[in-house]
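Enquirer: I have a structure I would like to understand better, so I am pasting it below and will then ask my questions one at a time.
The values are calculated or read from the model by the stated rules, or taken from the named source; none is laboratory data. On a predicted model such as this, the values are computed, not experimentally measured, just so you know. So basically every Cβ, Gly included, is an ideal-geometry build from the backbone, and we count neighbours across all protein chains shown.
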Amino acid sequence: MKRGGRLRRKAPLRRTPFRSAAPKREPMDPNLRNLILRRDKVCQAHPRGFASDVPCGGRLHVHHRRLRSQGGPDTEDNLIAVCTVHHHHIHSVDRAGAERAGLVIRTFPPFDGRRATG
């Protein structure tokens, strides 16, 4: 309500916590995680020709080539070790380059910017 030229708020705004619509998944087996880290030993982004101008940095992460959100399993052939910097790069910066290098396996058709109609 406007009173004296100012907006007056009746009650403070409340933040609602974000709740994902995806079902909860079981965490990865720690023995499998350790097996992948021992198998690969170093970041697998550079040997595959991905982001060669970006230096490795941080600790190693276990990355799903076929993403868990797209039904990717926790199996040895679907998991690789990548450093923190390249893991961020794969998911946030250069998804197409990661697909070309085989770091991500697409299970859905590429997004072309159009909304699905139906």
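Enquirer: Considering only segment 31-51, how many residues are outside any helix (DSSP H, G or I) and at negative phi?
Expert: Selection size over segment 31-51: 8.
The rows are residues; the columns are (1) out of contact with any strand residue (DSSP E or B) (no Cβ under 9 Å at 6 or more places or on another chain); (2) among the aliphatic types (A, V, I, L, M); (3) modelled with pLDDT of 80 or more.
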site	(1), (2), (3)
MET1	no, yes, no
GLY4	yes, no, no
LYS10	yes, no, no
PRO17	yes, no, no
SER20	yes, no, no
LEU32	no, yes, yes
ILE36	no, yes, yes
LYS41	no, no, yes
ALA51	yes, yes, no
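Enquirer: Only residues that are of a type outside the set (A, V, I, L, M, F, W, C), surrounded by 13 or more Cβ atoms within 10 Å (Cβ to Cβ) and either over 14 Å from the mean Cα position of the chain (by Cα) or not in a loop (DSSP other than H, G, I, E, B) (or both): list them for segment 52-66, please.
Expert: Across segment 52-66, the qualifying residues are GLY58, HIS61, HIS63, HIS64.
Enquirer: Could you list all residues from segment 68-118 that are assigned to a loop (DSSP other than H, G, I, E, B) and modelled with pLDDT of 85 or more?
Expert: GLY72, PRO73, ASP74, THR75 - these are the residues of segment 68-118 that are assigned to a loop (DSSP other than H, G, I, E, B) and modelled with pLDDT of 85 or more.
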